[in-house]
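One structure below.
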Amino acid sequence: MRIEVRPGRVRDLPAILEIYNHYVERSPATFEVSPVHPSDRTGWVQEHTAGGRYRLWVAVEREGEGLVGWATTSPFRPRAAYATTVESSVYCRAGREGQGIGFRLYSALLASVQDEDIERVVAAITLPNPASVRLHRRFGFRRAGTLHRVGRKFDRFWDVAYYERPLRPPEPQVPAA
(Lines give C-alpha, C1' and ligand atoms only; values in the text may rest on other atoms or scores of the structure.)
Protein backbone atom coordinates (compact mmCIF):
# COMPACT_ATOMS: atom_id res chain seq x y z
CA MET A 1 0.00 0.00 0.00
CA ARG A 2 1.33 3.38 -0.98
CA ILE A 3 0.17 6.39 0.98
CA GLU A 4 0.62 9.90 -0.34
CA VAL A 5 0.48 12.83 2.06
CA ARG A 6 -0.51 16.06 0.35
CA PRO A 7 -2.23 19.37 1.07
CA GLY A 8 -5.96 19.00 1.40
CA ARG A 9 -8.36 20.28 -1.23
CA VAL A 10 -11.94 21.47 -1.09
CA ARG A 11 -13.04 18.33 -2.92
CA ASP A 12 -11.61 16.19 -0.06
CA LEU A 13 -14.26 17.50 2.33
CA PRO A 14 -16.77 14.59 1.99
CA ALA A 15 -14.06 12.01 2.76
CA ILE A 16 -12.67 14.14 5.61
CA LEU A 17 -16.12 14.31 7.16
CA GLU A 18 -16.68 10.59 6.68
CA ILE A 19 -13.61 9.98 8.85
CA TYR A 20 -14.49 12.73 11.32
CA ASN A 21 -18.12 11.69 11.73
CA HIS A 22 -17.02 8.22 12.81
CA TYR A 23 -15.41 9.91 15.83
CA VAL A 24 -18.38 12.24 16.31
CA GLU A 25 -20.73 9.26 16.58
CA ARG A 26 -18.51 6.69 18.34
CA SER A 27 -15.71 8.40 20.26
CA PRO A 28 -15.04 11.13 22.80
CA ALA A 29 -12.01 12.23 20.73
CA THR A 30 -14.15 15.15 19.56
CA PHE A 31 -16.86 16.81 21.58
CA GLU A 32 -18.95 17.33 18.49
CA VAL A 33 -22.14 15.36 19.21
CA SER A 34 -24.00 15.50 15.88
CA PRO A 35 -22.64 14.48 12.47
CA VAL A 36 -21.12 17.31 10.48
CA HIS A 37 -22.32 17.95 6.93
CA PRO A 38 -20.27 19.45 4.09
CA SER A 39 -22.41 22.60 4.14
CA ASP A 40 -21.38 23.09 7.80
CA ARG A 41 -17.68 23.11 6.88
CA THR A 42 -17.47 24.93 3.56
CA GLY A 43 -15.85 28.01 5.11
CA TRP A 44 -13.58 25.85 7.26
CA VAL A 45 -12.20 23.86 4.32
CA GLN A 46 -11.69 27.01 2.25
CA GLU A 47 -9.80 28.67 5.12
CA HIS A 48 -7.63 25.59 5.60
CA THR A 49 -6.74 25.14 1.93
CA ALA A 50 -5.82 28.76 1.18
CA GLY A 51 -2.34 28.68 2.75
CA GLY A 52 -1.28 30.69 5.77
CA ARG A 53 -1.15 29.43 9.32
CA TYR A 54 -4.30 27.29 9.07
CA ARG A 55 -3.50 24.22 7.00
CA LEU A 56 -5.08 20.93 6.04
CA TRP A 57 -3.09 17.84 5.05
CA VAL A 58 -4.55 14.53 3.96
CA ALA A 59 -3.21 10.99 3.61
CA VAL A 60 -4.46 9.15 0.55
CA GLU A 61 -4.02 5.45 -0.10
CA ARG A 62 -3.55 4.91 -3.80
CA GLU A 63 -4.75 1.28 -3.94
CA GLY A 64 -7.58 0.95 -1.47
CA GLU A 65 -9.63 3.13 0.80
CA GLY A 66 -8.81 6.54 -0.66
CA LEU A 67 -8.45 9.19 2.03
CA VAL A 68 -7.24 7.50 5.23
CA GLY A 69 -6.44 10.48 7.46
CA TRP A 70 -6.17 14.22 7.83
CA ALA A 71 -4.52 16.80 10.04
CA THR A 72 -5.00 20.53 10.56
CA THR A 73 -3.76 23.61 12.27
CA SER A 74 -6.68 25.82 13.30
CA PRO A 75 -7.24 28.96 15.36
CA PHE A 76 -6.65 28.32 19.06
CA ARG A 77 -8.88 31.11 20.38
CA PRO A 78 -10.70 33.92 18.56
CA ARG A 79 -9.02 36.96 20.17
CA ALA A 80 -6.22 38.67 18.23
CA ALA A 81 -3.53 38.12 20.86
CA TYR A 82 -3.85 34.36 20.32
CA ALA A 83 -3.12 34.62 16.58
CA THR A 84 0.40 33.21 16.94
CA THR A 85 -0.93 30.05 18.59
CA VAL A 86 -2.59 27.29 16.56
CA GLU A 87 -4.38 24.14 17.62
CA SER A 88 -3.45 20.96 15.80
CA SER A 89 -5.69 17.96 15.18
CA VAL A 90 -5.19 14.61 13.48
CA TYR A 91 -7.70 11.90 12.60
CA CYS A 92 -7.16 8.53 10.94
CA ARG A 93 -9.79 6.35 9.33
CA ALA A 94 -11.14 3.85 11.89
CA GLY A 95 -9.05 0.70 11.77
CA ARG A 96 -6.02 2.52 10.32
CA GLU A 97 -4.65 3.81 13.61
CA GLY A 98 -1.13 2.77 14.59
CA GLN A 99 0.12 2.46 11.00
CA GLY A 100 2.21 5.64 10.91
CA ILE A 101 -0.42 7.71 9.11
CA GLY A 102 -0.74 10.23 11.93
CA PHE A 103 3.05 10.55 12.13
CA ARG A 104 3.33 11.26 8.41
CA LEU A 105 0.48 13.76 8.53
CA TYR A 106 1.94 15.66 11.50
CA SER A 107 5.38 15.68 9.89
CA ALA A 108 3.99 17.34 6.76
CA LEU A 109 1.65 19.65 8.67
CA LEU A 110 4.27 21.04 11.04
CA ALA A 111 6.85 21.42 8.25
CA SER A 112 4.32 23.31 6.13
CA VAL A 113 3.80 26.07 8.71
CA GLN A 114 7.47 26.60 9.66
CA ASP A 115 7.58 29.97 7.89
CA GLU A 116 4.31 31.24 9.34
CA ASP A 117 4.04 33.67 12.25
CA ILE A 118 3.34 30.90 14.75
CA GLU A 119 4.95 30.66 18.16
CA ARG A 120 3.09 27.78 19.75
CA VAL A 121 1.14 24.68 18.69
CA VAL A 122 -1.34 23.21 21.15
CA ALA A 123 -3.37 20.02 21.11
CA ALA A 124 -6.35 19.04 23.24
CA ILE A 125 -6.58 15.31 23.94
CA THR A 126 -9.64 13.71 25.52
CA LEU A 127 -8.47 11.25 28.16
CA PRO A 128 -7.77 8.42 28.07
CA ASN A 129 -6.13 8.33 24.65
CA PRO A 130 -2.66 6.79 25.00
CA ALA A 131 -2.08 6.59 21.23
CA SER A 132 -2.65 10.32 20.78
CA VAL A 133 -0.48 11.13 23.79
CA ARG A 134 2.35 9.00 22.32
CA LEU A 135 2.05 10.68 18.93
CA HIS A 136 2.18 14.17 20.41
CA ARG A 137 5.12 13.32 22.65
CA ARG A 138 7.02 12.03 19.59
CA PHE A 139 6.66 15.51 18.13
CA GLY A 140 7.95 17.26 21.24
CA PHE A 141 4.60 18.23 22.75
CA ARG A 142 4.64 18.50 26.54
CA ARG A 143 1.65 18.28 28.80
CA ALA A 144 0.60 21.76 29.88
CA GLY A 145 -2.33 20.77 32.09
CA THR A 146 -5.61 18.96 32.40
CA LEU A 147 -9.13 20.32 32.52
CA HIS A 148 -11.29 17.89 34.46
CA ARG A 149 -14.82 16.86 33.46
CA VAL A 150 -15.12 19.63 30.85
CA GLY A 151 -16.99 17.65 28.21
CA ARG A 152 -20.06 15.47 28.48
CA LYS A 153 -20.63 12.88 25.79
CA PHE A 154 -22.13 9.39 25.85
CA ASP A 155 -23.66 10.14 29.27
CA ARG A 156 -20.31 10.64 30.94
CA PHE A 157 -17.89 13.45 31.70
CA TRP A 158 -14.43 13.53 30.10
CA ASP A 159 -11.13 15.17 31.04
CA VAL A 160 -9.07 16.98 28.43
CA ALA A 161 -5.29 17.25 28.58
CA TYR A 162 -3.63 20.16 26.82
CA TYR A 163 -0.28 19.59 25.18
CA GLU A 164 1.95 22.30 23.73
CA ARG A 165 5.18 22.81 21.87
CA PRO A 166 6.97 25.72 20.26
CA LEU A 167 6.72 25.58 16.49
CA ARG A 168 10.47 26.14 16.22
CA PRO A 169 13.16 25.41 18.81
CA PRO A 170 13.78 28.38 21.08
CA GLU A 171 16.65 30.72 20.23
CA PRO A 172 19.75 30.12 22.35
CA GLN A 173 20.04 32.59 25.21
CA VAL A 174 23.07 34.84 25.11
CA PRO A 175 24.65 35.05 28.56
CA ALA A 176 24.48 38.50 30.18
CA ALA A 177 27.80 40.35 30.24
Residues within the stretch 77-86 that are surrounded by fewer than 19 Cβ atoms within 10 Å (Cβ to Cβ) and either in a strand (DSSP E or B) or aromatic (Phe, Trp, Tyr) (or both), tallied
2
Right, residue 176: modelled with pLDDT under 95 and not in a loop (DSSP other than H, G, I, E, B) or not?
no
If I filter the stretch 105-122 down to residues being in a helix (DSSP H, G or I) and not aliphatic (A, V, I, L, M), which single residue comes out as surrounded by the most Cβ atoms within 10 Å (Cβ to Cβ)?
106
Starting from the stretch 58-85, keep only residues that are without any contact (Cβ under 8 Å) to a residue 12 or more places away in the chain, then list their pairs with residues that are in a strand (DSSP E or B) whose Cβ atoms are within a distance under 8 Å, requiring at least 6 positions of separation or different chains.
77/85; 82/75
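Quick grid of which residues meet (1) within 21 Å of residue 68 (Cα to Cα); (2) at pLDDT 95 or above; (3) under 16 Å from the mean Cα position of the chain (by Cα):
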position	(1), (2), (3)
91	yes, yes, yes
120	no, yes, yes
142	no, yes, yes
156	no, yes, no
164	no, yes, yes
Residue 50 is checked against (1) within 29 Å of residue 166 (Cβ to Cβ); (2) in contact (Cβ under 8 Å) with a residue 24 or more places away in the chain and fails just one. What number does that condition carry?
(2)
Restricting the search to the stretch 87-104, which residues are touching a residue at least 60 places away in the same chain (Cβ under 8 Å) and part of a helix (DSSP H, G or I)?
101, 104
Within the stretch 40-67, which residues are surrounded by 22 or more Cβ atoms within 10 Å (Cβ to Cβ) and outside any loop (DSSP other than H, G, I, E, B)?
48, 56, 57, 58, 59
State the number of residues belonging to the stretch 123-142 that are touching a residue at least 24 places away in the same chain (Cβ under 8 Å), more than 24 Å from residue 6 (Cβ to Cβ) and part of a strand (DSSP E or B).
4
Among residues of the stretch 143-168, those that are in contact (Cβ under 8 Å) with a residue 40 or more places away in the chain, assigned to a strand (DSSP E or B) and not charged (D, E, K, R), counted:
5
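The values are calculated or read from the model by the stated rules, or taken from the named source; none is laboratory data. Please read these numbers as outputs of a predicted model, since none were measured by experiment. Don't worry about glycine lacking a Cβ; one is built from the backbone with ideal geometry, like all the others, and counts go over all protein chains shown.
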